[in-house]
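Enquirer: Quick one: this structure, given as structure tokens, is what I'll be asking you about.
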């Protein structure tokens, strides 16, 4: 009986962009901004492509709106990521250790700062700080598993 086999490996494409401005804090913050900002912009591209296909038409006005939305989402999520990465690094430097607690504290500080910048009330700021700390801690634990 004839036999055949297939051997190979699949891997995701990797793009390693690193910005070096001479300061580790700024390097991490800028890289966080660029990476997550790009992901947010790509998310908008996927959503807008779906809407174009669903509508069956595309116009100059739709293109402009999509571009504005890409920039807005990319800048917002990139800023949040940059603040988080900077906070986590700062906490690591202050505490002198690298562990999950840095992610928790950095996430809580980022959640509180972003919420306060949005002019939320005290209860909302506290809730956003708790959510930021919880999400960052969960992400850190998931990273330890892989």
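Residue by residue, here is whether (1) surrounded by fewer than 13 Cβ atoms within 10 Å (Cβ to Cβ); (2) modelled with pLDDT of 95 or more; (3) within 22 Å of residue 106 (Cα to Cα) holds:
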site	(1), (2), (3)
5	yes, no, no
12	yes, no, no
22	yes, no, no
25	no, no, yes
32	no, no, yes
50	yes, no, no
64	yes, no, no
88	no, yes, yes
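Enquirer: Suppose we filter the stretch 54-86 for residues that are more than 15 Å from residue 114 (Cα to Cα) and in contact (Cβ under 8 Å) with a residue 24 or more places away in the chain; how many remain? Explain how you work it out, then say what you get.
Expert: Filtering the stretch 54-86 down to residues more than 15 Å from residue 114 (Cα to Cα) leaves 54-72, 74.
Okay, now just the ones that are also in contact (Cβ under 8 Å) with a residue 24 or more places away in the chain, so 69-71, 74.
Number satisfying all stated conditions: 4.
Enquirer: Which one of these is in contact with a helix residue (DSSP H, G or I) (Cβ under 8 Å, 6 or more places away or on another chain), under 28 Å from residue 19 (Cβ atoms) and either at pLDDT 95 or above or surrounded by fewer than 16 Cβ atoms within 10 Å (Cβ to Cβ) (or both): 130, 105, 36, 94?
Expert: Residue meeting the stated conditions: 105.
Enquirer: A further question follows. Would you check if there is a residue in the stretch 108-121 being in contact (Cβ under 8 Å) with a residue 60 or more places away in the chain, under 23 Å from residue 139 (Cβ atoms) and surrounded by 12 or more Cβ atoms within 10 Å (Cβ to Cβ)?
Expert: Checking the stretch 108-121: not a single residue is in contact (Cβ under 8 Å) with a residue 60 or more places away in the chain, under 23 Å from residue 139 (Cβ atoms) and surrounded by 12 or more Cβ atoms within 10 Å (Cβ to Cβ).
The values are calculated or read from the model by the stated rules, or taken from the named source; none is laboratory data. These figures come from a predicted structure and were not determined experimentally. Cβ coordinates were reconstructed from backbone atoms using ideal geometry, including for glycine residues, and neighbour counts include every protein chain displayed.
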